[in-house]
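The values are calculated or read from the model by the stated rules, or taken from the named source; none is laboratory data. Everything numeric here is computed off the predicted structure, so don't read it as measured data. For neighbour counting, all protein chains shown are included, and Cβ atoms are generated from backbone atoms with ideal geometry for every residue, glycine included.
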Amino acid sequence: MVFYQEIKKKKGGDLPDAIKIGQTHCMELVKYKDVYQLQNLGGVHGVASAIGSNVENGIADDAEDIAQRREAFGSNTFKKPLAKSFFHFIVGATTDFTIVVLIVCAALSLGLGIKLHGLKQGWYEGGCIFFAVFLLVLFVALSNLQQERQFNKLSRVTDRTQVNVVRGGRHQTISISDIVVGDVVCVAIGDQIPAEGLFLCGYSLLVDESSITGESAFIDVNCIFIVLLVYYFTGNTKDENGNREFNGSKTKVDDIVNAVLRIVAAAITIIVVAIPEGLALAITLALAYSVKKMMADQVLVRKLSACETMGAATTICADKTGTLTLNKMKVTKFWQDQDFVKVGASSSIAPSVRDLIRQGVALNTTGRVDRSTLVSDFEFSGSPTETAILSWAVQELKMEMTESRQSCDIIHHEAFNSQKKRSGVLMRNKTDNTIHVHWKGAAEIILAMCSSYYDASGMTRDLNDDERIRFEQIIEGMAASSLRCIAFAHKQIAEEERADENKDNILKEDCLTLLGLVGLKDPCRPGMLKSVQACQNAGLNIKMITGDNLFTAKAIAFECGILQPVQDMFPDAVIEGAEFRNYTPEERKQKVDRIRVMARSSPSDKLLMVECLRQKGHVVAVTGNGINDAPALLEADIGISMGIQGCEVAKESSDIIILDDNFASIVQILRWGRCIYDNIRKFIQFQLTVNIAALVINFVVSVSVGEVPLTVVQLLWVNLIMDTLGALALATEQPTMELREKAPMGRTD
């Protein structure tokens with residue numbers, strides 16, 4: 001895509017010589033989607049040329065040219081809103097419900113004091129309450145100001161979105177704010193569109209604009225007032241001898257008012273004692289302090305409440321690729337016909353088969369191969385699976401990607417998706433004008449589409465039942481070695497066959513010829529076994545949910561410690577997504593706790609498991625990287641994404657981002673979550689010790705004697721000192737190692 005921003009041209013900024021159209025034309029094209037003007041400019045290629053760019057090589061990788069473009073058109077950044085003033089936080093603190101109640105109590109106390117004791121002595125109590133409220137508001141405002149500054153620093157971390165651009169013919173990863181007019185940007189599944197632009201080329205492109213058009217609703221909360229005066233006057237009026245009687249006609253209005261005022265004064269005292277003024281402050285301090293500390297452990301918290309919720313987590317649904325493993329794949333085995341082809345021995349592959357594999361890899365891919373002009377090494381871009389296969393094809397099969405692409409015309413491309421777990425391409429060979437279809441994907445799925453295979457000499461053989469069983473055993477053996485098995489298949493299609501069966505460019509999916517199998521190794525992260533054991537010792541049940549086949553998933557689960565030999569004896573410990581999907585709701589609830597690994601699962605299967613676990617009362621944390629993980633991340637109590645491997649959609653859907661993709665950080669999140677819960681519980685216990693004692697004393701004495709022993713001012717100052725200093729002391733305690741050994745609190749604690 002060629003992008004340009006809708007911003008005004010700066011005064012004094014000169015356009016580079018290569019740019020032939022100005023900002024107005026760019027704005028009109030994008031704002032009004034003016035197709036007629038686009039055609040007049042020569043289409044997307046003409047626009048690219050007019051803004052000094054090339055659809056293949058992008059803009060020049062020249063610092064001076066980039067600086068001129070940025071000077072002329074501006075940078076790809078939003079104008080930051082003005083920082084909130086301290087007065088804003090003062091106003092915000094005074095709108096808190098607790099503060100409002102205290103202000104009302106202060107006003108009533110001031111009025112009652114003046115009414116009962118006169119202005120000279122009656123203002124003490126109300127004035128002291130106002131002063132105490134002022135100090136509390138000041139402290140809360142200062143705390144919120146500090147928290148706002150801290151989150152502004154954290155937001156600058158989340159704004160560092162990386163995008164892939166082509167400059168000078170080379171793919172580069174730059175910050176989204178460094179994009180300039182004319183940049184060619186490569187967008188993959190799950191990426192955010194970084195600016196306005198024109199679509200150059202691609203397959204199966206869909207753009208989700210819900211973040212722009214979505215809206216949220218608010219819920220109104222009503223207040224209920226209950227009458228308390230009727231019972232008091234019925235049976236509490238006494239005559240001059242102290243006998244109870246009700247004689248409303250003899251009751252003086254002034255006596256009634258004074259009695260009501262005394263009741264209100266006692267009620268104010270009880271309210272001041274009962275309201276936990278410092279609880280909100282303690283929670284805010286505990287969360288803000290833990291967020292700052294977790295940032296040092298490479299954990300970015302996007303939603304504050306997720307910290308505390310993580311302390312109650314009982315189950316983690318973990319993705320395999322990129323979470324439990326490094327997602328750095330490498331082809332370690334290639335099987336063709338009867339045996340494995342050793343590394344460096346690709347010459348033993350029949351030339352015709354080798355050419356077809358090179359053709360299929362070069363055309364049926366979303367990756368790219370570049371060679372730097374400064375060094376002789378190749379540069380590979382794309383997903384880890386694509387880059388591993390491209391690297392193998394270039395280094396082992398001597399594939400020339402540019403030559404292969406130039407010798408063919410792509411008719412249709414079916415992109416890989418998590419449902420079909422395969423990708424295909426329909427192409428025409430320019431040399432002999434023949435039409436071919438190439439498929440690549442999960443080995444067992446591609447094998448089911450084949451009716452023949454190539455032998456070592458390049459001849460086709462029928463894939464009978466015995467041969468099919470043999471290939472299935474090979475796939476299972478590779479998977480049992482923790483290898484991801486990918487198969488390649490091919491078929492030449494006659495022109496008449498395509499005209500009859502492929503009018504809508506639907507790729508042929510049967511009667512294919514198997515070219516070979518590759519095994520990709522994705523090693524577990526260092527220390528993964530120790531991290532998994534730490535989570536299990538903390539009472540967490542870890543479930544691995546992956547799209548890999550059953551044998552690969554089981555091997556990785558044993559390697560990570562998720563599966564134990566004893567657990568493997570249970571039939572429900574390892575299942576496939578289709579099996580879980582076909583359970584009845586009652587069967588799912590009955591068996592979900594015993595499941596440790598779910599293989600060949602789709603995003604809907606992952607979401608279904610999260611829903612089932614939550615229905616059973618579990619507090620569920622989900623880790624995910626891809627765009628398809630977004631529903632499960634949103635449904636879970638805590639959504640956790642990876643900062644490096646995770647796509648932007650997954651990050652936006654998550655509550656917590658692990659910046660270094662280290663699964664061991666989940667143990668730290670767990671410790672801090674339990675620490676927050678423990679600290680808040682300690683503060684509540686500390687506060688209740690004073691509040692309940694004062695409340696009982698005042699209530700018993702006021703009912704029996706009629707006087708309140710502890711005044712509002714005394715109680716408020718005790719609470720003020722207790723809340724602020726107690727919150728500072730207890731809310732900032734560090735997590736201990738013993739917290740990891742405690743059982744999780746669960747949803748009902």
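Things worth noting here:
- Test result for Gln359, surrounded by fewer than 20 Cβ atoms within 10 Å (Cβ to Cβ) and polar (S, T, N, Q): no
- The residues listed here are Leu716, Leu710; of these, the one that is outside any helix (DSSP H, G or I), modelled with pLDDT under 80 and under 30 Å from Leu138 (Cβ atoms) is Leu710.
- Condition check for Phe73: surrounded by 12 or more Cβ atoms within 10 Å (Cβ to Cβ), farther than 28 Å from Val369 by Cα, aromatic (Phe, Trp, Tyr) and at pLDDT 80 or above: no
- Out of Pro571, Pro631, Pro585, Pro603, sole residue that is free of Cβ contacts under 8 Å to residues at least 60 places away in the same chain and under 21 Å from the mean Cα position of the chain (by Cα): Pro631
- Annotation: of all residues in region 410-454 being within 39 Å of the chain's Cα centre (by Cα) and either charged (D, E, K, R) or assigned by TED's automatic domain parsing to the domain that holds Ser602 (or both), the one that is surrounded by the fewest Cβ atoms within 10 Å (Cβ to Cβ) is Lys420.
- Residue within region 649-662 that is out of contact with any Gly (no Cβ under 7 Å at 6 or more places or on another chain) and free of Cβ contacts under 8 Å to residues at least 60 places away in the same chain present: no
- Test: residue in region 89-107 that is part of a helix (DSSP H, G or I) and charged (D, E, K, R): no
- Note on region 525-551: residues that are in contact with a helix residue (DSSP H, G or I) (Cβ under 7 Å, 6 or more places away or on another chain) and within 14 Å of Gly322 (Cβ to Cβ) total 6.
- Condition check for Gly617: modelled with pLDDT of 90 or more and either part of a loop (DSSP other than H, G, I, E, B) or among the small types (Gly, Ala, Ser) (or both): yes
- Scanning region 630-648 for residues that are buried (at least 23 other Cβ atoms within 10 Å of the Cβ) and in a helix (DSSP H, G or I) returns Ala630, Ala632, Leu633.
- The residue list Ile657, Ile669 contains one member that is of a type in the set (Val, Ile, Thr), outside any helix (DSSP H, G or I) and within 17 Å of Gly311 (Cα to Cα), which is Ile657.
- Scanning region 598-618 for residues that are within 23 Å of Leu304 (Cα to Cα) and out of contact with any helix residue (DSSP H, G or I) (no Cβ under 7 Å at 6 or more places or on another chain) gives Arg614, Gly617, His618.
This table checks each residue for (1) at pLDDT 80 or above; (2) hydrophobic (A, V, I, L, M, F, W, C).
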residue	(1), (2)
Ala18	no, yes
Gln37	no, no
Gly46	yes, no
Ser49	yes, no
Ala67	yes, yes
Lys79	no, no
Lys84	no, no
Thr98	no, no
Ser109	no, no
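- Sole residue being surrounded by fewer than 21 Cβ atoms within 10 Å (Cβ to Cβ) and either over 27 Å from Gly477 (Cβ atoms) or in contact with an Asp or Glu (Cβ under 7 Å, 6 or more places away or on another chain) (or both), chosen from Ala573, Ala555, Ala534: Ala534
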